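One structure is given below, encoded as structure tokens.
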Amino acid sequence: MKFHWFHGMPWPHLPPDFRDRSNSVWVDVDSRYYDPIVGHRLYHEYLDQMEYAEQVGFDGLIVNEHHQNAVGLMPSPQLMAAALARRTTRAAIIMLGTSLPLYNPPTRLAEELAMLDVLSGGRLVAGLPVGTTMDACFAYGANPATIRDRYREHHDLVMRALSEPEPFAWNGEFSKLRYVNIWPRPIQQPIPVWIPGGGSAETWDFCAEMGYSYSCLSFDGRFHAEEVLDAYWSRLAELAVPFNPYQGAVNQTFAVAETDAEARERYDPHLHYNWYVGKHLDPRWANAPGYTSERTMRESGAATQAPPTPEPSFDERIASGTLIAGSPESVTEQVEDLVKRLRVGHLIGVFQFGDMPTELTNRNTRLFAEHVIPRLRHLWGEYVDHWSPTPLNRPEAIGRDQTESKTSEQAETLELAGIN
């Protein structure tokens, strides 16, 4: 079993009356809510939290791409991945993901993936989503009617650029390039690919065709995720793809404490902020016309949008499966049930949410790493994970101690020069 640490990097300082004063947390959110001085400190706190997750034993560190919103401050996951690659040495760097249709030319993404794979020593996982309708269609102006065709062409170009050693020409519908010859070249051949999605039938077929791992990003709870993943595994069986739990992943929010009562007391206020902010999405941005295919709408019942729901209580979150919380023993029991029901080999944990401070985030992370991971690591041991990196064993890798030493030397030099 593999355990990964996801960071959404939310903005934690929206005012109590934000919902009354703003249409949405996405697309047209007032940028004056953002303070770049505070943001400077926040980026470093968030990166420190991810580095800590590697120290205590998580297998992968996950970043993602969002635009024009206050719930995910990573318009460029490549920048976050580069920072992590320099300050970590063991964990996979999982970009879940980079929105393929938004790159013009797509070879820019191929170059950046190759750079990151080399910089990290072969620790990169490429997550390649279509992108949310808020990000791709409204924030970046992608045509929803052609976005999936553009995605497929960009995918084919990027994958060929990463693997083809000879220069080649590309004459596609959306990209026309006389010379494709990326430098540098990636260490991994191929770089593992995960495809994040919310239940698109076409995505399941794509994963089966290409041999990619599917990441079910379900924020409606593990019971909804179970429906999606049951359909995914059934579709792979129909297409004669042998079952391997590592070809599937799911995200889950965790709140771990010494006791169940302490979990409720310490985490509930931050869950409230997370819901208060993250659920304030204007329906206009939720699904651009033409973005969801007719096939997916028919098979998933997604033709109409669900009405807004009131904020759930702490117990209702647990009952619905949107939250796994409690003592390490309670959480271990819930996680084992989750991964066996969903049949996934990759668990994507959300340990920081809303306005949760670093101290509590790290405690949540540490308790899970020390008391849950060792008890469940054996799960799916009979299967081979083909979707994780095989990094170089580099004794010269720049890790935390060396980097901190260099930072101290630089600070001393600046002080001697009279620069604060």
Å³ per residue enclosed by the Cα convex hull of the range 160-303: 211 Å³
Extended-chain gain in nm, criterion 0.36 nm per residue less alpha-carbon gap, Y179 and E311: 42.2 nm
Using the 2.2 N^0.38 Å rule of thumb for compact globular proteins, work out how the range 52-201 stacks up: its C-alpha Rg over that value, please. 1.04
Among R284, R235, R222, what's the order by accessible area (1.4 angstrom probe), most exposed first? R284, R235, R222
Can you list the residues, at least 5 places off or on another chain, whose amide H is less than 5 Å from the amide H of L281, using H built in the peptide plane? V25
Gyration tensor on Cα atoms of the range 174-232, a ≥ b ≥ c root eigenvalues, a/c under 1.5 rounded, else prolate if a/b beats b/c, else oblate, says prolate
Per residue, how many Å² of accessible area does the chain show with a 1.4 Å probe? 46 Å²
So who's got an amide H within less than 5 Å of the one on G248, skipping anything under 5 residues away but keeping other chains? H placed 1.01 Å off N, in plane. Y214, G345, H346
Calculate for the chain the 222 nm mean residue ellipticity that helices alone would give, adding -39,500 (n - 2.57) per DSSP H run of length 4 or more and normalising by residue count, nearest 500 deg cm²/dmol. -13500 deg cm²/dmol
For F219 and R284 in one chain, what is 0.36 nm times their gap in residues minus the Cα-Cα distance, to one decimal in nm? 21.5 nm
Can you tell me what percent of all Cα-Cα pairs in the range 233-280 are more than 12 Å apart? 73 percent
On the accessible surface of the chain, probed at 1.4 Å, how many percent belong to carbon and sulfur atoms? 54 percent
Taking only C-alpha positions in the chain, Rg and Dmax in angstrom work out to 21.3, 69
Could the peptides 22-35, 106-119 be put in order, highest first, of the mean number of other beta-carbon atoms found within 10 Å of their residues? 106-119, 22-35
Please report, largest first and rounded to whole Å, the three semi-axes of the ellipsoid equivalent to the range 312-398, where each semi-axis is the square root of five times an eigenvalue of the C-alpha gyration tensor. 26, 20, 12
Using only alpha carbon pairs under 8 Å that are at least six residues apart, calculate the relative contact order of the chain and give it in whole percent. 22 percent
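The values are calculated or read from the model by the stated rules, or taken from the named source; none is laboratory data. Note that the coordinates shown come from a computational prediction; the quantities given were computed from them, not determined experimentally. When we count neighbours, we look across all protein chains shown, and the Cβ atoms used for this are built from the backbone with ideal geometry, even at glycine. Accessible surface is based on the protein model in full, side chains and every heavy atom, while ligands, DNA and RNA are left aside. Shrake-Rupley method; radii C 1.70, N 1.55, O 1.52, S 1.80 Å.
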